[in-house]
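A.B. asks: I'd like to ask you about the structure that follows.
Each reported figure results from applying straightforward, stated rules to the coordinates on display, with no laboratory input. The structure presented is a predicted model; accordingly, all values stated were derived computationally and were not measured. In this analysis, Cβ positions are derived from the backbone assuming ideal geometry, glycine residues included, and neighbour counts consider all displayed protein chains.
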Amino acid sequence: MLDAGEKEATVAIAALLYEGRSVHMTALVLSLVPLANALAYPSLFAAFAAALAMAALVTETYFAIRTGIDAKLFDHLAREDLSAPSTLADLDRGLKMAGFAQSHGTRSLADRIVGTHGLFRRQCIAAAIPIVLALALVIQVTPI
């Protein structure tokens, strides 16, 4: 069975990954600032900022989808009463059948946690681009 520490780790990582929705919504809303700026104040810089924000948003959305799927998978693992190796092996088999994973063997829970931290970090980095652009454009447009 999953020991108490492993169960708590899966609960914790699922909670972290569920916060990816908040990161996504923030990036989505603030991506509209460079787009609105490009429409209101047409310039090469504004067009570049809007294009960069939209490209970052597409990338961030990809990571948001991945973190959402992983959050549900970790939540599922936290609720399972099966032994850890068969649970992880069953999960890998299901992911492969669904087309979400290649056959790399069964990864340990620790490896999965490290991987999902990296995934969430990449989502946050992608979300930071439109946020920084929005702040830069607000500062640029706002007279001092």
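A.B. asks: Would you mind checking which residues have amide H under 5 Å from Ala101's amide H? H placed 1.01 Å from N; only 5 or more apart, or other chain.
C.D. replies: Long-range HN contacts for Ala101: Lys96.
A.B. asks: At 4 °C and a viscosity of 1.567 mPa s, what translational diffusion coefficient does Stokes-Einstein give for the stretch 21-124, taking Rh as the Kirkwood radius over Cα pairs? Give it in µm²/s as a whole number. Walk me through the intermediate numbers first.
C.D. replies: Working: Rh = 15.9 Å.
Translational D for this selection: 81 µm²/s.
A.B. asks: Hey, another quick one. Select from the chain the helices, each a whole stretch of DSSP H, whose alpha-carbon atoms run 24 Å or more along the helix axis and whose Kyte-Doolittle mean is at least 1.0; answer none if there are none. Can you show the working numbers first?
C.D. replies: Numbers: long enough: 20-40 (30 Å, 1.20); 44-79 (52 Å, 0.96); 109-141 (48 Å, 1.34).
Helices passing the filter in the chain: 20-40, 109-141.
A.B. asks: Given the options Leu39, Leu77, Leu109, state which has the largest fluctuation in a GNM of the chain using a 10 Å cut-off (strictly under) for Cα springs.
C.D. replies: Evaluated over the chain, the most mobile residue of the options is Leu39.
A.B. asks: Please give me the summed charge of the neighbours of Gln123: other residues whose Cβ is under 9 Å from its Cβ, Lys and Arg +1, Asp and Glu -1.
C.D. replies: Details: positive: Arg66, Arg121, Arg122; negative: Glu60.
With Lys, Arg at +1 and Asp, Glu at -1, the net is +2.
A.B. asks: Give me the dipole magnitude in Debye, nearest 20, for the stretch 4-141 about the Cα centre, with unit charges on the beta carbon: positive for Lys and Arg, negative for Asp and Glu. Before the final figure, lay out each step's value.
C.D. replies: Values: 11 positive and 11 negative charges, 55 e Å.
Charge dipole of the stretch 4-141: 260 debye, to the nearest 20.
A.B. asks: In bins 10 Å wide, starting from 0, what share of all Cα pairs of the stretch 16-73 does each bin hold, as a percent?
C.D. replies: Taking every Cα pair in the stretch 16-73, the percentages come to 26, 40, 23, 10, 1.
A.B. asks: If r is the Cβ-Cβ distance from Ser108 to Ala55 and R0 is 35 Å, what FRET efficiency results, to the nearest 0.05?
C.D. replies: Details: r = 35 Å, r/R0 = 0.99.
Efficiency, from the Cβ-Cβ distance: 0.50.
A.B. asks: Below 11 angstrom from the Cβ of Ala89, what's the summed charge of the other residues (Lys, Arg +1; Asp, Glu -1)? It would help to have the intermediate numbers written out before the result.
C.D. replies: Working: positive: Arg93, Lys96, Arg107; negative: Asp90, Asp92.
Combined, the nearby Lys, Arg, Asp and Glu give +1.
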